[in-house]
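The values are calculated or read from the model by the stated rules, or taken from the named source; none is laboratory data. Every value quoted in this text rests on a predicted model; they were computed, and no experiment measured them. In this analysis, Cβ positions are derived from the backbone assuming ideal geometry, glycine residues included, and neighbour counts consider all displayed protein chains.
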Amino acid sequence: VTGAATLAGCGLDASPGQSGELLRSKAKLPTPFTVPLPIPPTKKPTSPGRYRVVQRKARLEILPGLKTEVLGYDGLFPGPTFDVRSGQTTVIEQVNELDVPTAVHLHGGHTPAASDGWPLDLLMPPGGHHDHGHHSMGGGDVKTGSRLYTYPNAQRAATLWYHDHRMDYTAPQVYRGLFGLHLIRDAEEDKLSLPAGEREIPLVIADRAFDEDGSFIYPAAPDRPGVESKYMEGVIGDVTLVNGAPWPIHEVDAVRYRLRILNAANARRYELAFDHGPAKFTQIGSDGGLLGAPVDHETLLIAPAERFDVIVDFSAYQPGDEVTLVNRLDRNAPVLRFKVARRAADDSHIPARLSTYAAVEPPAGAVRRLWRFRRGSAGGHQGWTINGKAFDPVRMQAQVRLGEYEIWSFVTDVHHPVHVHLAPFQVLSRRGGDPGPYDGGWKDTVDVRPAEVVEVLVRFSAHKGKYLIHCHNLEHEDMAMMAGFETI
Ligand code: C2O
Ligand code: CU
């Protein structure tokens, strides 16, 4: 996996597989593995199926002894975790008490278009004169103060996440804190005896850089929306946060754990590995829920927005042992440490057959579409394009019939994590060969390497309207690497 060569001369970080410009913190940083791993709180409904979230600023102690101003769902970083049942609709009232417009997207959700967080369907803060962005003519459905988002959750159990999707400003607004988890559970998953309770741990990984006073450093362009053009490859920081804490430590029993791993970074990829010992990653699920059968990995390569649901067995370690997750793409930089505390009983189980997931044979005559992800000019600036076009909210690049399988080919110049809204897909091939080791199951984001072609099989089964395909390197996305398509 090498993306660096193609980008040489663009001032990128030297790590292989990484695209982006490294920001260095000026704040005093803690010694790794001194801060405990926080677990984002589970969001409580106000009545069955109804929730209320306030988007607000908060000053949080992310680095010990310093305060960081965040934009947070309920003022949290990450936001609260939604833990819901498949087939049970949730209605979430989002209240904007920030001073910027927002748009909430449920990533991986099979969501009606009106609630999908189209980048111009803005939620404006109440009153006053606000920065409405440069695209108020784009015809969005704009609400002020609060907005209801309806999620049918009519899909299989999976690890989803929600985050801001405001046009041109997704990268800085997610960077400042507008992201969180949304878990869907179902009966198929309940039947398995997977590790649960304290032994089911979300790991939301993201990198950031901090100024001397603890504030986030983000290179916003002074003269136009989004990021400074020097950072068009992507913003990467020198501090690794897990669930909002820098290089945390977590105590575990010598038993199996279920880790739901999300890469919530704007642009950084991770190749997670254990620094020593027998631990490996037994993958049980991907973006769109359980695999058919478990897959073992020595290391876990995870691009922005991807999720891996894995079981890690600590039973071969001794009480007192410490085992560290490191990032192979960044010279084994630390991510998180587990401290094995004690032996304990374990009645969890990883069955050989996890779910009814099956690979789908593409039907003969399936519609084929080509999506080219390339550098190009966007609105007169250097930026990123899909099929030669910068994102234009009034131009749909495709009309897709509900209920039909289509074969989509993603073609890249440099490394791009490609994401499709509304429906998941199965990876059919990479570079004309077999799918890669991390491509199993239903995916909604696939990391397409430099000068590569990835073919996927996709089918949108419900909801007519406007949806998005885009690069999930958030700086690429804000610099116009996004296209609308319409389901009909
Ligand atoms: Cu995770 Cu269109 O986004
Ligand atoms: Cu990209």
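Please list, ordered by first then second residue, the pairs with beta carbon atoms under 9 Å, 6 or more apart or interchain, first in segment 229-242 and touching a residue at least 60 places away in the same chain (Cβ under 8 Å) and at positive phi, second away from ligand 1 (no atom under 16 Å from the Cβ) and among the charged types (D, E, K, R).
234/21
Each row is one residue, and each column tells you yes or no for (1) exposed (fewer than 14 other Cβ atoms within 10 Å of the Cβ); (2) at pLDDT below 95; (3) among the charged types (D, E, K, R); (4) under 21 Å from residue 176 (Cα atoms).
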position	(1), (2), (3), (4)
43	no, no, yes, yes
56	no, no, yes, yes
96	no, no, no, yes
104	no, no, no, yes
115	no, no, no, no
118	no, no, no, yes
126	yes, yes, no, yes
132	yes, yes, no, yes
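Report, by residue number, each residue of segment 429-477 that is within 16 Å of ligand 2 (Cβ to nearest atom), closer than 28 Å to residue 153 by Cα and of a type in the set (D, E, K, R).
444, 447, 477 - these are the residues of segment 429-477 that are within 16 Å of ligand 2 (Cβ to nearest atom), closer than 28 Å to residue 153 by Cα and of a type in the set (D, E, K, R).
Given segment 434-479, what strands (runs of 3 or more DSSP E) lie entirely inside it while holding 1 or more residues that are within 16 Å of ligand 1 (Cβ to nearest atom) and over 20 Å from the mean Cα position of the chain (by Cα)?
Qualifying strands (runs of 3 or more DSSP E): 465-471.
Please verify whether segment 411-418 includes one or more residues that are of a type in the set (S, T, N, Q), more than 20 Å from residue 367 (Cα to Cα) and in contact with a Pro (Cβ under 8 Å, 6 or more places away or on another chain).
yes
Scan (1) outside any strand (DSSP E or B); (2) of a type in the set (Asp, Glu); (3) surrounded by fewer than 24 Cβ atoms within 10 Å (Cβ to Cβ) for the single condition residue 233 breaks and write down its number.
So residue 233 meets the others, but not (3).
If you scan segment 423-433, which residues turn out to be away from ligand 1 (no atom under 16 Å from the Cβ) and either part of a loop (DSSP other than H, G, I, E, B) or in contact with a helix residue (DSSP H, G or I) (Cβ under 9 Å, 6 or more places away or on another chain) (or both)? Let's see the steps before the verdict.
Step one: filter segment 423-433 for residues away from ligand 1 (no atom under 16 Å from the Cβ), giving 426-433.
Those that are away from ligand 1 (no atom under 16 Å from the Cβ) and either part of a loop (DSSP other than H, G, I, E, B) or in contact with a helix residue (DSSP H, G or I) (Cβ under 9 Å, 6 or more places away or on another chain) (or both): 431, 432.
Of the numbered conditions (1) among the small types (Gly, Ala, Ser); (2) surrounded by 18 or more Cβ atoms within 10 Å (Cβ to Cβ); (3) outside any loop (DSSP other than H, G, I, E, B), residue 292 satisfies every one except a single condition; which is it?
(2)
Could you look through segment 295-313, keep only residues that are buried (at least 23 other Cβ atoms within 10 Å of the Cβ) and in a loop (DSSP other than H, G, I, E, B), and pick out the one that is farthest from ligand 1 (Cβ to nearest atom)?
303
Let's see how each residue does on (1) of a type in the set (A, V, I, L, M, F, W, C); (2) within 15 Å of ligand 1 (Cβ to nearest atom); (3) closer than 19 Å to residue 56 by Cβ; (4) part of a strand (DSSP E or B):
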{"position": "161", "(1), (2), (3), (4)": "yes, yes, no, yes"}
{"position": "168", "(1), (2), (3), (4)": "no, yes, no, no"}
{"position": "174", "(1), (2), (3), (4)": "yes, yes, yes, no"}
{"position": "180", "(1), (2), (3), (4)": "no, yes, yes, yes"}
{"position": "184", "(1), (2), (3), (4)": "yes, no, no, yes"}
{"position": "188", "(1), (2), (3), (4)": "no, no, no, no"}
{"position": "193", "(1), (2), (3), (4)": "no, no, no, no"}
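Are there any strands (runs of 3 or more DSSP E) wholly within segment 375-422 with 1 or more residues that are within 14 Å of ligand 2 (Cβ to nearest atom), at negative phi and surrounded by 15 or more Cβ atoms within 10 Å (Cβ to Cβ), and if so which? I'd like the intermediate steps shown before the answer.
Numbers: elements: 381-386, 396-400, 405-412, 416-420.
It comes to 381-386, 405-412, 416-420.
In segment 359-380, what residues are of a type outside the set (A, V, I, L, M) and touching a residue at least 12 places away in the same chain (Cβ under 8 Å)?
362, 363, 368, 369, 371, 372, 373, 374, 375, 376, 377, 379
Looking only at segment 342-358, decide whether some residue is without any contact (Cβ under 8 Å) to a residue 40 or more places away in the chain and within 30 Å of residue 285 (Cβ to Cβ).
The answer is no, given that none of the residues of segment 342-358 is without any contact (Cβ under 8 Å) to a residue 40 or more places away in the chain and within 30 Å of residue 285 (Cβ to Cβ).
Regarding segment 174-183, can at least one residue be identified that is among the hydroxyl-bearing types (Ser, Thr, Tyr) and crowded, with 24+ Cβ neighbours inside 10 Å?
Yes, that holds for at least one residue.
Take the conditions within 23 Å of residue 270 (Cα to Cα) and in contact with a Lys or Arg (Cβ under 7 Å, 6 or more places away or on another chain) and apply them to residue 477. Does it pass?
No, not satisfied.
When the residues of segment 250-279 are narrowed to those that are touching a helix residue (DSSP H, G or I) at 6+ places or on another chain (Cβ under 9 Å) and assigned to a loop (DSSP other than H, G, I, E, B), which ends up surrounded by the fewest Cβ atoms within 10 Å (Cβ to Cβ)?
My answer is 255.
Could you run through segment 188-205 and say how many residues are without any contact (Cβ under 8 Å) to a residue 60 or more places away in the chain and either touching a Leu at 6+ places or on another chain (Cβ under 8 Å) or not basic (Lys, Arg) (or both)?
Of all residues in segment 188-205, those without any contact (Cβ under 8 Å) to a residue 60 or more places away in the chain come to 190-191, 197-198.
Adding the requirement that they be either touching a Leu at 6+ places or on another chain (Cβ under 8 Å) or not basic (Lys, Arg) (or both) leaves 190, 197-198.
Within segment 188-205, residues that are without any contact (Cβ under 8 Å) to a residue 60 or more places away in the chain and either touching a Leu at 6+ places or on another chain (Cβ under 8 Å) or not basic (Lys, Arg) (or both) number 3.
Of everything in segment 98-125, what is in a loop (DSSP other than H, G, I, E, B), farther than 21 Å from residue 86 by Cβ and either of a type in the set (Phe, Trp, Tyr) or away from ligand 1 (no atom under 14 Å from the Cβ) (or both)? Give them in sequence order.
Once the filter is applied, which keeps residues that are in a loop (DSSP other than H, G, I, E, B), farther than 21 Å from residue 86 by Cβ and either of a type in the set (Phe, Trp, Tyr) or away from ligand 1 (no atom under 14 Å from the Cβ) (or both), segment 98-125 yields 98, 99, 100, 101, 118, 122, 125.
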